[in-house]
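Undergrad: Once you've had a glance at the structure underneath, I'll fire off some questions.
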There are 2 protein chains.
Amino acid sequence: MVPTKVKNADTSALIERDGKPLGKAGAKPRPLTRIQREKQNVILEAALEVFAVHGFRGSTIDQIAEVAGMSKPNLLYYFPRKEEIHRRLISELLVTWLAPLREMDAKGDPFPEIRSYIRRKLEMARDYPRESRLFANEMLQGAPHIIEMIEIDLKNLVDEKAGILLGWMDEGKLARTDPYHLIFSIWATTQHYADFDVQVRAVLGPSRGGEGRFEDAARYLEQLFLYGLTPRAKS
Amino acid sequence: MVPTKVKNADTSALIERDGKPLGKAGAKPRPLTRIQREKQNVILEAALEVFAVHGFRGSTIDQIAEVAGMSKPNLLYYFPRKEEIHRRLISELLVTWLAPLREMDAKGDPFPEIRSYIRRKLEMARDYPRESRLFANEMLQGAPHIIEMIEIDLKNLVDEKAGILLGWMDEGKLARTDPYHLIFSIWATTQHYADFDVQVRAVLGPSRGGEGRFEDAARYLEQLFLYGLTPRAKS
DNA sequence: AAGAATTTTGACCAGTTGGAAAAATGTTAG
DNA sequence: CTAACATTTTTCCAACTGGTCAAAATTCTT
């Protein structure tokens with residue numbers, strides 16, 4: 001039978017050409033079939049698993065295909081190149097990743113806001129460790145795939161939130177300090193529990209390294225950010 | 001000319017067999033030549049550069065050889081397998097990496113001790129970012145090569161230092177809190193400046209992302225760990 | 001300067017990797 | 001049911017990978 005060169009699938013190639021999204025200009029994008037949607041998700045899920053551990057270069061299509069439970073050529077039918085899978089994961093990631101910070105609200109009071117920001121970030125480290133590691137891997141490599149997004153979207157967001165923090169400081173509701181490094185320290189301390197999970201578990205040992213470690217971390221961080229380590233009079 | 005099967009070089013194979021060090025039992029280990037010492041260092045340096053960015057699997061011998069300025073077979077003459085290079089880097093790393101924590105002294109006072117521990121860690125992030133990233137890469141992958149060292153040596157060290165911190169808390173010189181998570185938070189906040197350097201620079205922008213960022217970080221962290229973010233009366 | 005040892009090179013190899021092509025099999029709208 | 005399309009499998013390939021080997025070049029040692 002004549003090959004009938006696939007016309008659907010490879011949706012990423014339809015939605016974006018040359019790496020740039022093209023609105024609805026492309027020839028009738030024809031909606032995704034049920035199977036396409038399902039399989040793409042299976043693949044992205046598997047790829048997240050693999051990329052998070054081995055990074056882009058260290059991961060192979062075969063590995064991803066195996067985790068996804070399909071053959072390599074079959075996988076390549078949905079995502080014609082390895083980079084495409086990675087790109088998709090990374091761009092979806094950034095949106096999710098910044099969501100907690102977006103929620104920080106100037107109209108609230110600093111401590112409840114900061115406190116719940118830390119909680120949310122810690123929950124993400126607990127519930128989405130693979131995403132955290134994927135992000136960390138990308139950073140370690142110098143963020144080759146998302147450097148512009150970091151320099152523009154992320155920077156703008158942080159600038160905005162730093163402004164809010166400064167406002168609170170001006171009102172005397174928050175200690176005067178560097179708002180950027182403040183945000184960094186929240187990122188660092190929370191993501192640590194996802195990225196360095198092995199180390200955390202190993203050091204805490206079997207007795208304290210179980211599920212409770214996130215609650216312990218939340219309690220500790222809350223105190224750290226509120227009062228630091230200076231001893232206070234007993235209440 | 002008859003090949004005269006290399007007798008020297010491949011020192012790692014002489015010093016350790018089957019991955020385990022064997023004292024001086026091996027047949028006369030014959031001291032390293034000048035060239036051997038030099039080239040091995042060049043290779044380790046190059047490998048650090050490459051492994052730190054791409055992880056073990058994502059790095060190739062060719063890449064390392066190129067950075068080291070030699071041919072692949074030549075490199076393999078000094079380190080007969082890729083794993084050998086990595087092993088050497090990782091085991092040297094752990095010693096260096098734990099040194100700052102080792103210095104924390106029970107006989108000192110908590111704040112000077114913690115303060116200078118933070119300083120030292122921050123200096124390491126600044127001066128040895130590749131080591132930090134190599135370590136981070138290893139952690140992200142679940143520490144396959146150093147898990148026992150983490151579970152034993154690192155755990156013991158942290159247990160000991162957590163004991164010191166608890167002692168200070170008992171004396172009322174330090175806020176009562178979780179000493180393990182306290183140590184984690186110092187690791188996280190300081191290593192962040194090496195591992196997420198791209199992000200830090202991008203967010204701070206050209207004006208504040210220069211060399212001064214480590215000084216700013218040091219000042220911020222000092223305040224965070226001392227007082228937290230609660231505003232204090234002006235002095 | 002000669003001989004022995006060490007270091008470097010170039011050619012090569014088997015296994016892996018990302019990916020192409022085509023054929024075979026499913027699915028579904030009319 | 002069947003044509004048109006969607007999906008999957010099989011086969012294949014060129015480039016890359018970690019690593020070998022013998023010869024050539026260089027560096028000691030005496």
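Undergrad: Of all residues in the range B:33-61, which are within 12 Å of DNA strand D (Cβ to nearest atom) and among the small types (G, A, S)?
TA: B:A47, B:G55, B:G58, B:S59
Undergrad: How about the range B:201-226: which of its residues are in contact with a Phe, Trp or Tyr (Cβ under 7 Å, 6 or more places away or on another chain) and either more than 7 Å from chain A (Cβ to nearest Cβ) or more than 28 Å from B:L157 (Cβ to Cβ) (or both)?
TA: Scanning the range B:201-226 gives B:V203, B:L204, B:F214.
Undergrad: Cβ contacts < 6 Å: first residue over 20 Å from A:R201 (Cα atoms), restricted to the range B:155-172; second residue crowded, with 16+ Cβ neighbours inside 10 Å and modelled with pLDDT under 95, any location; separation 6+ or different chain. Result?
TA: Pairs found: B:G172/A:P231.
Undergrad: Across the range B:46-61, which residue is farthest from the other protein chains (Cβ to nearest Cβ) among those that are within 24 Å of B:A125 (Cβ to Cβ) and of a type in the set (A, V, I, L, M, F, W, C)?
TA: B:A46
Undergrad: Can you give me the number of residues within the range A:82-111 that are of a type in the set (A, V, I, L, M, F, W, C) and surrounded by fewer than 14 Cβ atoms within 10 Å (Cβ to Cβ)?
TA: Looking only at that region, the number is 3.
Undergrad: Condition first: more than 9 Å from every other protein chain (Cβ to nearest Cβ) and either more than 17 Å from the chain's Cα centre (by Cα) or in a helix (DSSP H, G or I) (or both). Now tell me which residues in the range A:141-151 satisfy that.
TA: Residues satisfying the conditions are A:E148, A:M149.
Undergrad: Name the pairs whose Cβ atoms lie under 8 Å apart, with the first residue in the range B:106-127 and under 21 Å from B:L94 (Cβ atoms) and free of Cβ contacts under 8 Å to residues at least 60 places away in the same chain, the second among the acidic types (D, E) and surrounded by fewer than 16 Cβ atoms within 10 Å (Cβ to Cβ), and 6 or more positions between them or separate chains?
TA: So the pair list comes out as B:R120/B:E103.
Undergrad: Say whether the condition of being within 30 Å of A:R57 (Cβ to Cβ) and assigned by TED's automatic domain parsing to the domain that holds A:K155 is met by at least one residue in the range A:103-121.
TA: Yes: the range A:103-121 contains one or more residues that are within 30 Å of A:R57 (Cβ to Cβ) and assigned by TED's automatic domain parsing to the domain that holds A:K155.
Undergrad: Return the residue satisfying two criteria in turn: it lies in the range A:112-132 and is surrounded by 18 or more Cβ atoms within 10 Å (Cβ to Cβ) and among the acidic types (D, E), and of such residues it is farthest from A:I183 (Cα to Cα).
TA: Looking at the filtered set, the residue picked out is A:E131.
Undergrad: Condition (residue is within 12 Å of chain A (Cβ to nearest Cβ) and away from DNA strand C (no atom under 16 Å from the Cβ)) applied to the range B:80-95: is it met by at least one residue?
TA: For the range B:80-95, residues within 12 Å of chain A (Cβ to nearest Cβ) and away from DNA strand C (no atom under 16 Å from the Cβ): present.
Undergrad: Just checking, does the range B:192-199 include any residue being at the interface with chain A (Cβ under 7 Å from one of its Cβ atoms), in contact with a helix residue (DSSP H, G or I) (Cβ under 8 Å, 6 or more places away or on another chain) and among the hydroxyl-bearing types (S, T, Y)?
TA: no
Undergrad: Would you mention how many residues in the range B:76-114 are away from DNA strand D (no atom under 16 Å from the Cβ) and part of a loop (DSSP other than H, G, I, E, B)?
TA: 7
Undergrad: Looking at the range B:152-172, which of its residues are among the charged types (D, E, K, R), closer than 22 Å to A:Y193 by Cβ and more than 9 Å from chain A (Cβ to nearest Cβ)?
TA: Matches in the range B:152-172: B:D153, B:K161.
Undergrad: State which residue is surrounded by the most Cβ atoms within 10 Å (Cβ to Cβ) when the search covers only the range B:62-75 and only residues that are more than 14 Å from chain A (Cβ to nearest Cβ) and near DNA strand D (Cβ under 8 Å from one of its atoms).
TA: B:K72
Undergrad: Could you check the range A:22-47 and list, in sequence order, the residues that are within 22 Å of A:L89 (Cβ to Cβ), touching a Lys or Arg at 6+ places or on another chain (Cβ under 9 Å) and at pLDDT below 95?
TA: The answer is none; no residue qualifies.
The values are calculated or read from the model by the stated rules, or taken from the named source; none is laboratory data. Remember, it's a predicted structure, so these values are computed and weren't measured experimentally. Quick reminder, even Gly has a Cβ in these numbers, built from the backbone with ideal geometry, and neighbours come from all protein chains shown.
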